[in-house]
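Presented below is the structure to which this report refers.
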Amino acid sequence: MNIYNQKNKLSYPKSPLLCGDCSEQKRAELKHYFKSTWQSYDSLFSLINNDEFYYQRPEPLRHPLIFYFGHTACFYINKLILGKYTNERVNPRIEAICAVGVDEMSWDDLNSDHYDWPSVDEVRQYRQQVFALVNELIDNMELSLPISKNSIAWIILMGCEHERIHIETSSVIMRMLPLSALTENEQWQTCLKTAQAPINELVPVGEAVVNFGKPEADKSYGWDNEYGHEQLTLNEFHASKFLVSNAEFMSFVEGGGYENPLFWTEEGQEWLAFSKASMPRFWCKKSGEYYQRNLLSQIPLPLDWPVEVNYLEAKAFCQWKNSKANQQGKLFYRLPTEGEWLCLREQVDGDLLSWQQAPGNINCEFYASPCPVNQFKQGEFYDIVGNVWQWTESAIDGFTGFSVHPLYDDFSTPTFDGKHNLIKGGSWISSGNEAMRYSRYAFRRHFFQHAGFRYVASHSDELPNLPDNHFETDKALCQQLHHHFEQLRRLGQTWLNVSEQNVKSEAPFESDYLQSLANIVLKNVDSYGSVKVPKCLDLGCSIGGLSFLLAQHATFIDALDFSARFIKYGVKLQQGDTVRYTTTREGELLGFNEYSLPDTLREESQNIHFIQGDLCNLKTIFTGYDVIVVQNVLEKSYDPKLFLDQVHQRLNFNGLLVIISSYDFDEQFTDKAKWLGGKKINGENVTGFEALSESLSKYFTLLDKQTLTQVYEKRQRHFTVVQPQLTVWQLNN
């Protein structure tokens, strides 16, 4: 086996570059990387000395290890079938039961009682079968360079990197098994160095501009969340020279840190109540002495090694440290953000693929455990990379330009929820993509990994994070977002033309509904308006699609909606932000979408004022308009006639009122006595248009009446069709 160095310790090969001059040489590199990754996984699981331990759950919030033993092999088959590179399953039962992991979404979200786990020998045989299949596939697949994201070679690399992630996460679970379950192996050697812990100190870091995102031109494999781009300016801050050591954290433990709720967030207090923790997960106390559990040994607590905790514990330590700080000229202690870690990362030269030897305890090049926090100096700091992962104050999110890989669309997006915090820097066992500069991994805040932390301090408690931009998942809201954005996306930067041929006399299709509506408004302004560049009120603006299209033709637009949830997305677009949302494709399968306004359209949108308001209780400032558009809100109003009786007061001389309504009144929103038509009055049928005409005829003249068609996508092949009526009215002289 070639995964070991001359000292008979694990030593991982570097992942292949995507580029090269010779396809056959690249094929050999891929095959070597695949084999060594596979053998490393087998080597880790060979530490378990009795098959019964594969079925124990030392971490109750995770599957037993038998799942993970089969999972990484299943991954290859499932992705190859999804990509149509093969159509044959190897073992449908194993590929079903070992397919989907668990994210620890809550304290008790996993129940394994109904799982009929395969035997260990079955999984061993299955792994051999998959190994042979993938080997043969690598030998015979088409391979062109550079390797692209739609190449089968990319899927092979994806499988390797996925397995390397599970080498690390499985080793964490094994660390929770009883020592009797594992057999020591010289290939997995624990560090033997320990001494008195160094005194930590703060090192100043100057202000900097930080660029986020893996360049598309980078020649190494990357996960979807790494790509895209952002930029952030950081003010000066201070960072701890060392990772927080066991000795430094001991002061928090023995100072009653786990017993004082003031140091813990609300989530942290809930976790404490669940876990009953009184010290870090890998510590124990016997006869008054502390010990640390490593992968294959338990040793007296090495005070100069980094403490390993979850985010909640690290956060509580910082709060405890703040409580002890001098109040005068106080620095706020906290965890670093992703941007601050990237700033520190600039002090480490090169990256995994360029290192002759790693500059820290990473890639299993030194130990199969942590080591002293003062062993690996990197610039002015120690352990910027390696030893243990470092928790940050940044929740993971996609950068601008983020897009999922179609064959693994749920790698990142389930974590874009504000509940998964980034860990940076890698640990002693991190390899492949995990050990690289641009890697981005995030876990729930109560999750245990080979992870510790360093702290930073600044004069402000404001976090220098990128703005949150999570995927909207509310179905009703996403339907509106998709309805508006897909039309704006198709329009691109094509400006409206108010010529006669662009105004639809027949019901327009969904693809041009917004443009057709805008053209109707502008044609009527052109024909009947007293001004050519009007002041507009867009009532029921929703996301703001119509307002964005009218913005180049209006001096000013008030875009008003009853729901602040809708208009906030209009504001985000106006400010140049990207909006992300999900759509339902089939069943539980989701599509992930993002939209941002073209620069030219955004510049024109600066004359739009988005505001939340009530149609029947508009403030007096909403007056003096040349055009008022009322979009599908009369039927959601509690008193539509009240609005119609007063709307003339808000229009200028010869002003236009454009009403779009389905007249689909419902007692959920409007008392039946206040419906506009759709009912019998004095025994006679009264339609919505008839009631509308009666209300408006005193002050308005009808100019136009036609039927529009709106099509809302509920699912990829399921649409809702609405045919509202559009009427155009002009205020009488």
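Read-outs: derived from the displayed coordinates by stated rules, not from any lab. Predicted model, so just to flag it, every value in this text is computed and none were measured. Cβ atoms come from the backbone with ideal geometry, glycine included; neighbour counts cover every protein chain shown.
Looking at the chain only, what percent of DSSP beta bridges run antiparallel? Nearest 5 please. Beta bridges within the chain, antiparallel portion: roughly 70 percent. Where both bridge residues fall in segment 202-458, DSSP classifies roughly 90% of the beta bridges as antiparallel. For segment 202-458, the dipole from Cβ point charges (+1 on Lys and Arg, -1 on Asp and Glu) about the Cα centre works out to 780 debye, to the nearest 20.
Against the longest alpha carbon principal axis of the chain, how many degrees, from 0 to 90 and to the nearest 10, is the axis of helix 65-82 turned? Value to nearest ten degrees: 50. Classify segment 378-485 as rounded, prolate or oblate, taking a ≥ b ≥ c as the square roots of the eigenvalues of its Cα gyration tensor: rounded when a/c is under 1.5, otherwise prolate if a/b is larger than b/c and oblate if not. Taking the square roots of the gyration eigenvalues as a ≥ b ≥ c, segment 378-485 is prolate. Projecting the Cα atoms of PHE67, SER354, ALA239 onto the charge dipole of the chain, computed from C-beta unit charges around the Cα centre, puts ALA239 farthest toward the positive end. Taking the centroid of alpha carbons for each part, segment 580-622 and segment 663-733 are 24 Å apart.
Around LYS698, what is the net charge, scoring Lys/Arg as +1 and Asp/Glu as -1 over all other residues with Cβ under 15 Å from its Cβ?
Values: positive: LYS641; negative: ASP645, GLU690, GLU694.
It works out to a net charge of -2.
Against the chain, whose longest principal axis comes from its Cα atoms, helix 266-275 is set at around 40 degrees.
In terms of the Cα gyration tensor, with a ≥ b ≥ c the square roots of its eigenvalues, is segment 330-418 rounded because a/c is under 1.5, prolate because a/b exceeds b/c, or oblate?
oblate
Based on Cα atoms of the chain, Rg over Rh with Rh as the Kirkwood radius reads 1.06. Between GLN515, PRO724, ASN433, the Cα set farthest toward the positive side of the dipole of the chain (charges on each charged residue's Cβ, about the Cα centre) is that of ASN433. Computed from label points 7 Å out along Cα-Cβ, the spacing between HIS718 and SER697 is 4.4 nm.
Kindly flag which residue pairs out of LYS26/LYS79; LYS523/LYS572; LYS475/LYS572 have an alpha-carbon separation exceeding 25 Å in this structure.
On the way: LYS26/LYS79 21 Å; LYS523/LYS572 29 Å; LYS475/LYS572 19 Å.
Result: LYS523/LYS572 exceed 25 Å.
A full extension of the chain between SER287 and LYS31 corresponds to an added length of 87.0 nm, given 0.36 nm per residue minus the alpha carbon distance. According to the calculation over all Cα-Cα pairs in segment 191-254, the P(r) per 5 Å bin from zero is 4, 12, 13, 12, 12, 13, 14, 14, 5, 1, 0 %.
Give me the one-decimal Kirkwood hydrodynamic radius in Å for segment 261-414, with the sum taken over alpha-carbon pairs.
Values: mean 1/r = 0.0537 Å⁻¹.
When all Cα pairs of segment 261-414 are included, the Kirkwood radius is 18.6 Å.
Per residue, the chain reaches -9000 deg cm²/dmol at 222 nm when only DSSP H runs of four or more residues are counted, each adding -39500 (n - 2.57). Counting only the Cα atoms, segment 23-181 fills a convex hull of 115 Å³ per residue.
From Cα pairs below 8 angstrom and at least 6 apart in sequence, can you work out the relative contact order of the chain, rounded to a whole percent? If you can, show how the numbers build up before the last one.
On the way: 1382 pairs, mean separation 74.8, N = 733.
Reported relative contact order: 10 percent.
Compute the angle between helix 475-491 and the longest alpha-carbon principal axis of the chain, please, reported from 0 to 90 degrees and rounded to the nearest 10. Approximately 80 degrees, to the nearest ten.
Can you tell me the length gained on complete extension of the stretch PHE669 to LEU642, counting 0.36 nm per residue apart and subtracting the Cα distance?
Values: separation 27, 0.36 × 27 = 9.72 nm, distance 1.47 nm.
The PHE669-LEU642 span can extend by a further 8.3 nm.
Each residue, SER662 and PHE622, gets one label point 7 Å from its Cα in the Cβ direction; the gap between the two is 2.2 nm. Between TYR115 and LEU353, the modelled labels are 3.5 nm apart [label points 7 Å from Cα along Cα→Cβ].
Hey, which of these cross-link pairs are over 20 Å Cα-Cα: LYS276/LYS315; LYS330/LYS419; LYS532/LYS698; LYS568/LYS641? Walk me through the numbers on the way to the answer.
Numbers: LYS276/LYS315 17 Å; LYS330/LYS419 29 Å; LYS532/LYS698 26 Å; LYS568/LYS641 28 Å.
Pairs exceeding the cut-off: LYS330/LYS419; LYS532/LYS698; LYS568/LYS641.
Once you have the Cα-Cα distance between HIS459 and VAL686, take 0.36 nm times their residue separation minus that, and quote the gain in nm to one decimal. Once the chain is fully extended between HIS459 and VAL686, it gains 74.9 nm.
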